[in-house]
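Here's the structure we're looking at; comments come further down.
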Amino acid sequence: MIMVVLNIILHYVFPIKKVVSLPYNYLGILLIVLGIYFNLHVYFVYKKEKNTMKPNEVPQVLITSGVFKISRNPIYLGMALILFGEAILLGSIITFLFPLLFIIMTNIWTIPLEEKNLEKKFGRKYLDYKRKVRKWI
């Protein structure tokens with residue numbers, strides 16, 4: 001959420017070249033809605049399964065259905081879609097900074113921690129899932 005707000009601030013404080021203009025910038029709304037769908041879907045599945053959403057905690061259940069069939073990290077995919085959607089909607093080149101930063105930071109710090117916990121907890125079952133399903137999409 002912080003990155004979403006910072007993206008808007010950057011757009012207005014440093015209005016660097018507009019790279020996406022009308023009507024193409026409205027495609028950003030579609031990405032934002034898709035990102036929100038991914039996050040809500042995961043939230044309700046995790047709530048139903050009483051699974052943790054905290055990256056540093058070990059989940060109790062390995063979920064491989066729904067959006068987890070297309071991405072091992074649908075929450076992060078949803079967040080990235082929201083940030084890219086916002087960047088496209090705003091249209092200025094500076095707004096693409098935060099989606100890229102988010103993906104880099106998530107790949108370096110968060111995902112490896114979660115994958116280590118999942119491998120430790122679920123072993124071969126997780127490794128098979130990891131082999132079949134891509135990290136992002």
Going by the structure shown, is N117 more than 21 Å from M1 (Cα to Cα), among the polar types (S, T, N, Q) and in a helix (DSSP H, G or I)? yes
Of the criteria (1) among the aliphatic types (A, V, I, L, M); (2) surrounded by 13 or more Cβ atoms within 10 Å (Cβ to Cβ); (3) closer than 23 Å to Y26 by Cα, which one I70 fails: (3)
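Would you mind stating whether I82 is buried (at least 18 other Cβ atoms within 10 Å of the Cβ), touching a residue at least 12 places away in the same chain (Cβ under 8 Å), farther than 23 Å from V133 by Cα and of a type in the set (V, I, T)?
For I82, the condition - buried (at least 18 other Cβ atoms within 10 Å of the Cβ), touching a residue at least 12 places away in the same chain (Cβ under 8 Å), farther than 23 Å from V133 by Cα and of a type in the set (V, I, T) - is not met.
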Among I103, I32, I63, I108, which is the only one that is closer than 24 Å to K132 by Cα, free of Cβ contacts under 8 Å to residues at least 60 places away in the same chain, surrounded by 15 or more Cβ atoms within 10 Å (Cβ to Cβ) and under 16 Å from the mean Cα position of the chain (by Cα)? I103
Checked E119, E86, E57 against criteria (touching a helix residue (DSSP H, G or I) at 6+ places or on another chain (Cβ under 8 Å), at pLDDT 95 or above, more than 20 Å from I9 (Cα to Cα) and acidic (D, E)); the one match is E119
Those residues of segment 116-130 which are closer than 15 Å to N73 by Cβ and not aliphatic (A, V, I, L, M) amount to K116, N117, E119, Y126, Y129, K130
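The values are calculated or read from the model by the stated rules, or taken from the named source; none is laboratory data. Since the structure is predicted, the reported quantities are computational estimates derived from the model, not experimental observations. FYI the Cβ positions are ideal-geometry reconstructions off the backbone, even for glycines, and counts take in every protein chain you see.
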